[in-house]
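Colleague: The structure that follows is given in the form of structure tokens.
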Amino acid sequence: MTQSVAPAEQRSGKGPGEVVLEVRNLTKHFPVGTLFRPKAVKALNDVSFTISRGQVVALVGESGSGKSTTARLISRLMPPTSGEIILRGKNVLKTEPHRPSLSYRKEVQMIFQDPFGSLNPVHTISHHLERPLEIHKMVTDKNLLGRVHELLETVGLTPPDEAARKYPYQMSGGQRQRVAIARALAVEPEIILADEPISMLDVSIRMGVLNLMEQLKEERGIGFLYITHDLASARYIGDRTMVMYTGYLVEAAESRELMEQPAHPYTQMLMAAVPNPEGGLIKKKAEARGEIPSLTDMPPGCPFAARCPKVMDICKRSMPGRTQLSQTSDHWVRCHLYGQGEEKQATTTAQL
Ligand code: SF4
């Protein structure tokens, strides 16, 4: 994604609506090791954010940074170690602690990275769309096929009767991802968790899927968590962008502000790696060095310290808290270069 386009907030011309989903201090530690030498993979730590009606929140970071774990926890494919998930004011981990209710599964849908793997090769496209409509009793039997055709038209798969009869292998990657989006739309969700929905698609069809998401946000007020490792697509579609590193959110702001004024050295490093189609390769302003720390053996202090060109003594001793840089755009950063923040001593594995 290197197209030069106006960012999402300029195109839409309007801000987000009321908060639909709130995540508070979400943490996931996977126990590993032995009875006598317990350890934990600290996949996600103290993650908090909100998604409003008609808002696309982009979550950006390297592979293994915890992005997909965030989506899997919110979709409740696995339980968090601690934290809260609040949907429309309801703390769902308290009200439905063991498994998500049918209503939660209807309101929060997920689109996976691999559009082929997420569809059953022995069933037709029509079957994939009928199942959620039947399970959630969205239409009567009489109207089932008509609704399937409507969904296929919504995602641009026409003629719909022809598309409905096909099997997944008879479609391109982009068409299959559109089917996955149609399946999510079938139950009229409030939130869609899109986990790298375009990363396995050809560059030529990525824009079509992003534009479809944009249209659904505008016309239906759906809130998206858009997970990607691609800052350019995050800026294109994201109203707000959050940057994740080793399971911590390290910076968040309105997408345009974050891209134009990245504050965290890691965000600056990511920005320096984005090719600019108009100006050629951008001269790297922030070079990363060192290694990503092991998630089972995190050193104390800032997790980016081993790679940070601006590391200071304090960075190796204490974990920076969030420092608010702008109230108007809710731009915050987790870095000792900016004020005091709310310092925290990093937990050690032994404390788990
Ligand atoms: Fe770099 Fe220190 Fe900021 Fe971490 S806290 S990003 S090591 S300057």
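Colleague: Which residues, taken from the stretch 139-184, are outside any helix (DSSP H, G or I) and over 27 Å from the mean Cα position of the chain (by Cα)? First the steps, then the outcome.
Modeller: Here is the first cut: in the stretch 139-184, the residues outside any helix (DSSP H, G or I) are 139-140, 155-159, 166-167, 171-172.
Val139, Thr140, Thr158, Pro159, Lys166, Tyr167 - these are the residues of the stretch 139-184 that are outside any helix (DSSP H, G or I) and over 27 Å from the mean Cα position of the chain (by Cα).
Colleague: Consider Leu151 carefully, then state whether it is buried (at least 21 other Cβ atoms within 10 Å of the Cβ) and touching a Ser or Thr at 6+ places or on another chain (Cβ under 6 Å).
Modeller: No: the conditions fail for Leu151.
Colleague: Now, a different point. Name every residue in the stretch 126-152 that is among the acidic types (Asp, Glu) and under 18 Å from Pro189 (Cα atoms), in order of residue number. Write out each step before concluding.
Modeller: Keep residues of the stretch 126-152 that are among the acidic types (Asp, Glu), which gives 130, 134, 141, 150.
Passing the criteria: Glu130, Glu134, Glu150.
Colleague: Same structure again: Give the stretch 295-313 a look and list any residue that's in contact (Cβ under 8 Å) with a residue 12 or more places away in the chain and near the ligand (Cβ under 7 Å from one of its atoms), or say none. Give the derivation first.
Modeller: To start, the set of residues in the stretch 295-313 that are in contact (Cβ under 8 Å) with a residue 12 or more places away in the chain comprises 295-304, 306-310, 312.
Hits for the stretch 295-313 are Cys302, Phe304, Cys308, Lys310, Met312.
Colleague: Of all residues in the stretch 266-280, how many are of a type outside the set (S, T, N, Q) and either in a strand (DSSP E or B) or within 21 Å of Ser204 (Cα to Cα) (or both)?
Modeller: Number of matching residues: 5.
Colleague: Same structure, new question: Output the residue which, of all residues in the stretch 314-340 that are among the small types (Gly, Ala, Ser) and away from the ligand (no atom under 11 Å from the Cβ), is modelled with the lowest pLDDT. Spell out the reasoning first.
Modeller: Start the filter on the stretch 314-340 by keeping residues that are among the small types (Gly, Ala, Ser), which leaves 318, 321, 326, 329, 339.
Add one more test, that the residue is away from the ligand (no atom under 11 Å from the Cβ), and what stays is 326, 329, 339.
On the way: Ser326: 84, Ser329: 78, Gly339: 74.
Per the criteria, the residue is Gly339.
Colleague: Identify, from the list Val92, Val148, Val139, the residue that is under 29 Å from Thr70 (Cα atoms) and not small (Gly, Ala, Ser). Break it down stepwise before answering.
Modeller: Numbers: Val148 fails: under 29 Å from Thr70 (Cα atoms); Val139 fails: under 29 Å from Thr70 (Cα atoms).
Only one candidate passes the filter, namely Val92.
Colleague: If you don't mind, another one. Working only within the stretch 153-187, note down all residues that are more than 22 Å from His136 (Cβ to Cβ), free of Cβ contacts under 8 Å to residues at least 40 places away in the same chain and among the charged types (D, E, K, R).
Modeller: Once the filter is applied, which keeps residues that are more than 22 Å from His136 (Cβ to Cβ), free of Cβ contacts under 8 Å to residues at least 40 places away in the same chain and among the charged types (D, E, K, R), the stretch 153-187 yields Asp161, Glu162.
Colleague: Which number in (1) away from the ligand (no atom under 16 Å from the Cβ); (2) at pLDDT 90 or above marks the one condition that Gln268 misses?
Modeller: (1)
Colleague: Of the numbered conditions (1) at positive phi; (2) out of contact with any strand residue (DSSP E or B) (no Cβ under 6 Å at 6 or more places or on another chain); (3) modelled with pLDDT of 95 or more, Val148 fails exactly one; give the number of that condition.
Modeller: Condition (1) is where Val148 drops out.
Colleague: Taking the condition of being in a helix (DSSP H, G or I) and either within 16 Å of the ligand (Cβ to nearest atom) or assigned by TED's automatic domain parsing to the domain that holds Arg53 (or both), how many residues in the stretch 214-265 meet it? Give the steps one after another, and end with the answer.
Modeller: Keep residues of the stretch 214-265 that are in a helix (DSSP H, G or I), which gives 214-220, 231-237, 255-260, 265.
Applying the additional criterion that residues be either within 16 Å of the ligand (Cβ to nearest atom) or assigned by TED's automatic domain parsing to the domain that holds Arg53 (or both) yields 214-220, 231-237, 258, 265.
Residues that pass the stated criteria total 16.
The values are calculated or read from the model by the stated rules, or taken from the named source; none is laboratory data. All of these numbers come straight from a predicted model, not from anything done at the bench. Every residue, glycine as well, gets a Cβ built from its backbone with ideal geometry; the counts of neighbours run over all protein chains shown.
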